[in-house]
Every structure is written in structure tokens, then in C-alpha cells.
Amino acid sequence: MTAAKYGAKLRQTLLSNQWSFLLIVVAILSIIAGAINPRYWWLGNITNLLGQISVLSLASCGATILIISGNFDISVGANIGLSTVVMAILMRNGLFPPLAAAIGVFISTLCGTSIGAASILFQAPSFIISLAAIGVFQGIALFITQGTIQTIYGQFETLGGAKIFSFIPLLFVIALAGYGVIHFILSHTQLGRSIYAIGNNPRAAYLAGININRRKLTFFAINGLFIGVASMLLLSRVGA
């Protein structure tokens, strides 16, 4: 095989593989950013970037399931705002921080499930339901805070500040674990197969014996759970 043919085959292999393509894009963007500002490659900046992307990464885990199944939830930001507010208020009032965080995650899961339930009940697209939910979640958060910022500096920062080998944020490791869970669900479980089946052809999935409504509730509950965990990490990281 000539060098030209080998190079063409290598390019085709890299570009046809989703993971390889994404890594190439990230590498190119990193090189450009490093060329513009050499401090981009500082270890402290890399650590900060890994911590920042952890929250978005976990939130996107749940969104992955919804999108593959043909559903949408655009109320993620409002859901995160509500659950973090609840966690912060409970901690400020003396509740054990892990318990307050668990309650916040439960509320986020409940909010996610309610969107799926409303979509089923009113037979409306989840996009429209989640659009309406933004106002509801933001209104509840504004009501219980009376428009004031809730801070918990020094009460729940251990998780957000922990590092492995002194430079890898624990938040990033948790986000990787979340990706591992989603990969396992999608690749090795009956639930994962139903996600692809419903997203590809809901009618065929129904005729195959899949309970579409029950699965839809499950999808939104999982999405809410991941949003709740992301909210917990965000609160631990910024303290407000």
C-alpha cells in the first residue's frame, strides 16, 4: 500500500468514527486557543476547564437519552436553578448538606418526570411542555427566594474543590462516571434498546410490545436525575 493510499484510508477511518472526529475537533480548537493565549495550557487553567465542563457534561447525559428517543427538554437551566435554590436554602437552615443535596436531586427528578407526564397527559410535544415548564420552575424559585441570592460559602465546597492527583477535579471524574452509566444503559440494557426503538419508529416500537408512555416517563425521570446531580455539582463548585 502506497503512502498516499494509507493516508487516505487513515483519514477516512478517523473522520468516519464519531469519537475520533470529536477528538480531532477538540485538538484543533485547543491548538488554536493555545496559540492565541499561551496560558491556555497552564495546569491551573486545564483543571478549571475540566471542572467547568463537568456540570454541562452531566446535564447532557440525560439529554442524550431524550434526544435519541425523540423527546426534548429545554427547561434544563430552570430546573437546575430551582434545585440548587432548594439545596442552598435547606443548607442555610442547618440541614445536613448531603441530605439537602439528596432532596434537591429528588426535586429535580420530580420536575423532569412531571414534564414527561404532562406531555403524555395532554398529548403535546415535550418541547412545548418544557417551554412552559421554564416559567413554572423559574417562578417557584423566585417565590421561595424572594429574589435574593442564596449563598452557602464554606458549607458544601468539599466536593467541588476535591482533586485527584492534585489537578484532576473530582467533578470531572463524576461526569465521566455519568457517561459510563449512559453508555452501559444504551449499549447493554433492554431500556437502551427501547430508547433507540422509540426514537426510530414509535409505532413499530408500540407494535413490538413496548409501553411507550411508561418508557417516556422513565426517560424524563433519568434526565431529571442527571440534572439534579449536575445541580449538586454546580452548587458545590460555586457556592451559590
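Worth a mention:
- In the stretch 211-240, the qualifying residues are those that are over 22 Å from L159 (Cβ atoms) and among the charged types (D, E, K, R), and the one that is surrounded by the fewest Cβ atoms within 10 Å (Cβ to Cβ) is R214.
- Residue within the stretch 107-115 that is over 17 Å from the mean Cα position of the chain (by Cα) and either crowded, with 17+ Cβ neighbours inside 10 Å or not hydroxyl-bearing (S, T, Y) (or both) present: yes
- Of the helices (runs of 4 or more DSSP H) contained entirely in the stretch 155-230, those carrying at least 3 residues that are of a type outside the set (K, R) and within 18 Å of L50 (Cβ to Cβ) fall at 158-161, 170-188.
- Test: residue in the stretch 95-105 that is assigned to a strand (DSSP E or B) and at pLDDT below 95: no
- Listed by first and then second residue, the pairs with beta-carbon distance under 7 Å, at least 6 apart or on different chains, first residue in the stretch 112-134 and touching a residue at least 60 places away in the same chain (Cβ under 8 Å), second outside any helix (DSSP H, G or I) and of a type in the set (F, W, Y), are S126/F72.
Residue by residue, here is whether (1) more than 23 Å from the chain's Cα centre (by Cα); (2) over 30 Å from F167 (Cβ atoms); (3) not assigned by TED's automatic domain parsing to the domain that holds Y153 holds:
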| position | (1), (2), (3) |
| --- | --- |
| S57 | no, no, no |
| G62 | no, no, no |
| L66 | no, yes, no |
| G70 | no, yes, no |
| N79 | no, yes, no |
| L82 | no, yes, no |
| V86 | no, yes, no |
| M91 | yes, no, no |
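- Selection count where residues are out of contact with any Asp or Glu (no Cβ under 8 Å at 6 or more places or on another chain) and either among the polar types (S, T, N, Q) or in a helix (DSSP H, G or I) (or both), scope the stretch 120-132: 8
The values are calculated or read from the model by the stated rules, or taken from the named source; none is laboratory data. Quick caveat, the model's predicted, so the values are computed rather than measured. Note that we place each Cβ from the backbone using ideal geometry, even for glycine, and neighbour counts take in every protein chain shown.
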